[in-house]
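Accompanying notes for the structure given below.
The values are calculated or read from the model by the stated rules, or taken from the named source; none is laboratory data. Keep in mind the model is a prediction, meaning the values are calculated, not measured. Backbone-built Cβ (ideal geometry, glycine too); neighbour counts: all protein chains shown. Surface areas here come from the heavy atoms of the whole protein model, side chains and all, with no ligands, DNA or RNA. Shrake-Rupley method; radii C 1.70, N 1.55, O 1.52, S 1.80 Å.
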Amino acid sequence: MTRRRDIETHRYSLAEIREIMNSMKSLAYMETRKLSRFLDAQQAVVRNIESAASDFLDFYPETLPDSAGTRPFYLLIGSERGFCGDFSHRAVAMLEDTLSVHDGETPFVIAVGHKLHPLLEKASYATTMLDGAGVVEDIPALLDSMLEILLSRQQEHGDLSLHAIYHRSSDEIVTETLLPPFSNLLSRSPAHQDPPLLNLQPEDFMLELVDQYLFAALHELLYTSLMAENQQRVMHLESAVRHLDEELSELNRQINILRQEEITEEIEVLLLSTGSLDEKQSETSEACRYPGSRKHV
């Protein structure tokens, strides 16, 4: 009885944990559905800006900022809430691999995501820690903090080369150069014969375009990383819930076996008690039928 009750208590605790994890999985899935709408729109914005930049650089390639002599700056995007496996560990591993072949000035790092912070406590490079976005509504405030840090660093050290390390999907980590931008657009053939009509000087137009691109690209990569984080969280929690279901099934089987054993023992005790009672009744009947027999003997 005691063992069965212990198992039932353990089963009850696991069932509560299972319900909590299943709820977390459902919330993460709902977040991916919400993020998909934001991400599709933001990707379209970035592609439009890149298309305009491509047409512009076909005729004004000299306006593209030069990366020579700039201070490297890495934006590392990890997990804020956890429950998504090795999401943050893999991001840190990618950063370490990237910096291991880095030459020149010591880079700056912005680590975005609470789960990254313990992994970078003993880092040898300058690191600024920021809490990440738990839901899509947190991204605008996070972006403001990131831009404030970038502007402050730029005022202190001049132009920066900005590189982002983030999850493009649940199983793919990429390093993407944001500043200087559009360097991958110079090698293609011009799509038009005539230059675009501008209301600004080409240099001023490029500055405005870079500002808009950086703002849109940062939005896109934050949405993308948060989407990948929630997708991995769904898979991680789904595996955990499946494991708990199997554990609960096994505990139910053990409880049923123990209960059957208890019922069998109860039946055996009942049968023994009944047999003993029948013997006593038989002896009593014999004594009543021959009341003087015992005395006569």
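Screening ALA216 against (1) modelled with pLDDT of 90 or more; (2) under 30 Å from PHE87 (Cα atoms); (3) open to solvent by 20 Å² or more (accessible area, probe 1.4 Å) leaves a single unmet condition, (3). Of all residues in segment 28-63, none satisfies the criterion of being surrounded by 14 or more Cβ atoms within 10 Å (Cβ to Cβ) and without any contact (Cβ under 8 Å) to a residue 40 or more places away in the chain.
All conditions in (1) among the polar types (S, T, N, Q); (2) open to solvent by 50 Å² or more (accessible area, probe 1.4 Å); (3) touching a helix residue (DSSP H, G or I) at 6+ places or on another chain (Cβ under 8 Å) hold for GLN154, with the sole exception of (3).
When only residues in segment 125-134 that are out of contact with any helix residue (DSSP H, G or I) (no Cβ under 6 Å at 6 or more places or on another chain) and not in a strand (DSSP E or B) count, which is nearest to PHE38 (Cα to Cα)? Only one residue fits best here, namely GLY134. Assess whether LEU207 counts as being hydrophobic (A, V, I, L, M, F, W, C), in a loop (DSSP other than H, G, I, E, B), open to solvent by 50 Å² or more (accessible area, probe 1.4 Å) and without any contact (Cβ under 8 Å) to a residue 12 or more places away in the chain. Judged against the criteria, LEU207 is not a match.
Quick check: anything in segment 69-84 open to solvent by 60 Å² or more (accessible area, probe 1.4 Å) and closer than 26 Å to ASP211 by Cβ? Yes: segment 69-84 contains one or more residues that are open to solvent by 60 Å² or more (accessible area, probe 1.4 Å) and closer than 26 Å to ASP211 by Cβ. Restricting attention to segment 160-188, the residues that are part of a loop (DSSP other than H, G, I, E, B) and surrounded by 15 or more Cβ atoms within 10 Å (Cβ to Cβ) total 4. Is it true that LEU200 is farther than 30 Å from GLU80 by Cβ, surrounded by fewer than 18 Cβ atoms within 10 Å (Cβ to Cβ) and free of Cβ contacts under 8 Å to residues at least 12 places away in the same chain? Yes; evaluated as a whole, the condition is true for this residue. A single entry from GLU261, GLU265, GLU250 fulfils the requirement of being in a helix (DSSP H, G or I), free of Cβ contacts under 8 Å to residues at least 40 places away in the same chain and open to solvent by less than 90 Å² (accessible area, probe 1.4 Å): GLU250. Does at least one position in segment 103-124 carry a residue that is loosely packed, with under 14 Cβ neighbours inside 10 Å, farther than 28 Å from THR32 by Cβ and at pLDDT 90 or above? The answer is no; no qualifying residue exists.
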